[in-house]
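The next block holds one structure in the form of structure tokens; read it before the comments.
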Amino acid sequence: MADDVTFHDPDPSVAELLASRPYLDMDPLCGLMLDGVALNDIADKVGTPCWVLSGDTLRARMHRMRQAMQDAGLNASIYYAVKANDHLAVLSLLREEGFGADIVSGGELARALKAGIPAHHIVFSGVGKSDAELEQAIGLGIGQINVESAEELEIISSITSKLGKQATITLRVNPDVDARTHAKITTGLAANKFGIPYDDAAALYAHAASLPGIRAAGFSTHIGSQILSVAPYRAAYARIADLVRTVRAAGQTVDVVDCGGGLGISYRNEPEGQPEALAGAIRAELGGLDVRLAIEPGRWPVGPSGLLLSTVILNKSRGDEAPFLVLDAAMNDLLRPSMYDAWHGLVPLSPHDATLAAIPTHVVGPVCESGDTFARDRQLPPMQRGARLAILDTGAYGAVMSSTYNSRPLAAEVLVDKGTWHVIRPRQPQDALWQDERVPSHLAGTA
Ligand code: LLP
């Protein structure tokens with residue numbers, strides 16, 4: 001795990017992208033395969049755009065995280081961050097493997113329960129939990145609430161008193177550490193809205209321990225997402241360890257440190273975050289404290305497990321300028337490139353296309369915004385109308401961030417698991433776009 005984030009320049013080629021992703025390979029007859037399943041078969045039957053997720057890859061990556069914690073001798077629970085991909089099939093698969101859930105809303109709580117994850121195996125994070133969400137969670141006996149402010153602590157105490165219940169809480173501390181990631185997904189700087197200011201945490205913890213209905217169990221932190229170097233983790237955990245020692249010296253009990261999520265993946269063939277390095281950082285800073293540990297990974301397990309299949313609607317040539325490849329997928333499906341300038345690998349499904357000499361190409365969606373751009377000046381084989389391609393590493397923060405902007409129905413979703421594939425969400429029918437809309441009678445015409 002590199003300590004400084006460096007990007008490969010030039011972009012990795014199609015062959016390089018495939019070589020570093022063992023679950024993908026290019027069959028000379030069937031084209032791009034995921035876990036031995038021809039993606040062209042899925043596109044023929046389900047159409048595009050279509051999200052495809054590999055259950056085997058997701059399982060293997062979660063197991064690697066668990067193994068890394070065990071090998072480091074850490075007593076650590078793993079709570080999957082539901083926001084990364086909240087599909088019930090994903091949550092059910094993870095429940096089957098014994099993982100818990102990290103949630104940030106009543107909706108995510110309901111989903112996790114629906115997938116069979118027990119309430120006591122769920123952690124509730126988030127900077128603004130509504131009273132209704134807190135009542136629901138406390139009433140159900142949620143495992144842990146990560147409290148983000150002094151105000152929230154008081155609200156929780158009054159809800160537990162009203163319900164005659166007790167809530168196990170940690171204080172989410174903002175360690176004021178730069179995670180060296182994109183500004184929009186950095187959460188551990190003092191300027192960010194998240195967590196309790198470091199200098200306030202010890203006093204607030206003592207106060208929490210004195211409040212009725214509150215069991216103050218320890219601390220949590222989460223410094224950001226897509227973190228590729230281990231140094232910010234170590235810096236944050238060192239500060240939390242100091243805090244634990246300080247409050248213990250003042251006579252408080254600390255049982256839990258929740259280390260958050262954020263481990264980054266390899267979008268552009270840069271070295272990805274290593275669970276073993278994360279476990280090493282946790283052990284080095286927190287291992288001697290005799291606390292129960294937790295992590296909340298989202299992107300790392302599920303991101304590389306998924307891709308988005310798309311078809312070229314047309315190849316819009318512009319003389320000597322790079323052509324626009326207009327896809328049937330758009331920013332309403334995959335928001336990451338327009339929101340964070342995110343780089344995602346693009347791989348043709350056809351074995352023939354994949355061998356052609358690459359040329360600079362702009363890859364865009366059909367939505368009426370120039371920001372609806374997946375890649376600019378990407379070296380890609382020339383692809384014609386009707387050709388298909390896969391947008392890689394979209395299992396996390398992909399389908400979950402979709403909208404129906406431009407009245408584009410939500411794309412289909414498929415799970416490839418144990419050698420076969422299942423439609424886990426049919427493409428949204430057009431009339432479902434307006435099924436919840438009500439037109440007042442004085443306006444009703446043909447609608
Ligand atoms: N725990 C907390 C409290 C979080 O806020 C998050 C993510 C996670 C865990 C999981 O982080 P991960 O392991 O997935 O990095 N939409 C953005 C990412 C937003 C992350 C928000 N919080 C993206 O597409 O890059």
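Annotations
- Test for Ala330: is it aliphatic (A, V, I, L, M), at pLDDT below 95 and not in a strand (DSSP E or B): no
- Whichever residue in the stretch 297-352 is among the small types (Gly, Ala, Ser) and over 28 Å from the mean Cα position of the chain (by Cα) and, among such residues, is surrounded by the fewest Cβ atoms within 10 Å (Cβ to Cβ): Gly319
- In the stretch 241-263, the residues that are out of contact with any helix residue (DSSP H, G or I) (no Cβ under 7 Å at 6 or more places or on another chain), open to solvent by less than 10 Å² (accessible area, probe 1.4 Å) and either among the aliphatic types (A, V, I, L, M) or part of a strand (DSSP E or B) (or both): Val256, Asp258
- Unique match (being in the same structural domain as Tyr233 (by TED's automatic domain parsing) and open to solvent by less than 10 Å² (accessible area, probe 1.4 Å)) among Ala183, Ala167: Ala167
- Test for Ala238: is it surrounded by fewer than 23 Cβ atoms within 10 Å (Cβ to Cβ), in contact (Cβ under 8 Å) with a residue 40 or more places away in the chain and under 26 Å from Ser20 (Cα atoms): no
- Selection of the stretch 11-25 for residues being surrounded by 19 or more Cβ atoms within 10 Å (Cβ to Cβ) and part of a strand (DSSP E or B) yields only Leu24.
- Residue match in the stretch 122-136 (condition: open to solvent by 50 Å² or more (accessible area, probe 1.4 Å), of a type outside the set (Lys, Arg), more than 25 Å from Ile223 (Cα to Cα) and assigned to a loop (DSSP other than H, G, I, E, B)): no
- Test set (1) closer than 17 Å to Ala38 by Cα; (2) of a type in the set (D, E, K, R); (3) in contact (Cβ under 8 Å) with a residue 40 or more places away in the chain - Asp353 fails condition number: (3)
- Residue satisfying condition, being open to solvent by 50 Å² or more (accessible area, probe 1.4 Å), farther than 27 Å from Ser225 by Cα and in contact with a Cys (Cβ under 9 Å, 6 or more places away or on another chain), within set Arg427, Arg385: Arg427
- Count - residues of the stretch 335-365 that are more than 15 Å from the ligand (Cβ to nearest atom) and out of contact with any strand residue (DSSP E or B) (no Cβ under 6 Å at 6 or more places or on another chain): 7
- Scanning the stretch 96-114 for residues that are surrounded by fewer than 20 Cβ atoms within 10 Å (Cβ to Cβ) and either assigned to a helix (DSSP H, G or I) or away from the ligand (no atom under 15 Å from the Cβ) (or both) gives Glu96, Glu97, Gly98, Gly106, Gly107, Ala110, Arg111, Leu113, Lys114.
- Residue in the stretch 26-40 that is under 16 Å from Pro297 (Cα atoms) and of a type in the set (Asp, Glu) present: no
- Residue count, the stretch 271-296 (criterion: open to solvent by less than 10 Å² (accessible area, probe 1.4 Å) and more than 16 Å from the ligand (Cβ to nearest atom)): 1
- Reported count of residues in the stretch 83-95, each being buried (at least 24 other Cβ atoms within 10 Å of the Cβ) and over 21 Å from Ser225 (Cα atoms), is 0.
- Scanning the stretch 251-265 for residues that are of a type in the set (Gly, Ala, Ser) and either within 14 Å of the ligand (Cβ to nearest atom) or in contact with a Cys (Cβ under 6 Å, 6 or more places away or on another chain) (or both) gives Gly260, Gly261, Gly262, Gly264.
The values are calculated or read from the model by the stated rules, or taken from the named source; none is laboratory data. Note that the coordinates shown come from a computational prediction; the quantities given were computed from them, not determined experimentally. Note that each Cβ is placed from the backbone with ideal geometry, even for glycine, and that neighbours are counted across all protein chains shown. Surface areas here come from the heavy atoms of the whole protein model, side chains and all, with no ligands, DNA or RNA. Shrake-Rupley method; radii C 1.70, N 1.55, O 1.52, S 1.80 Å.
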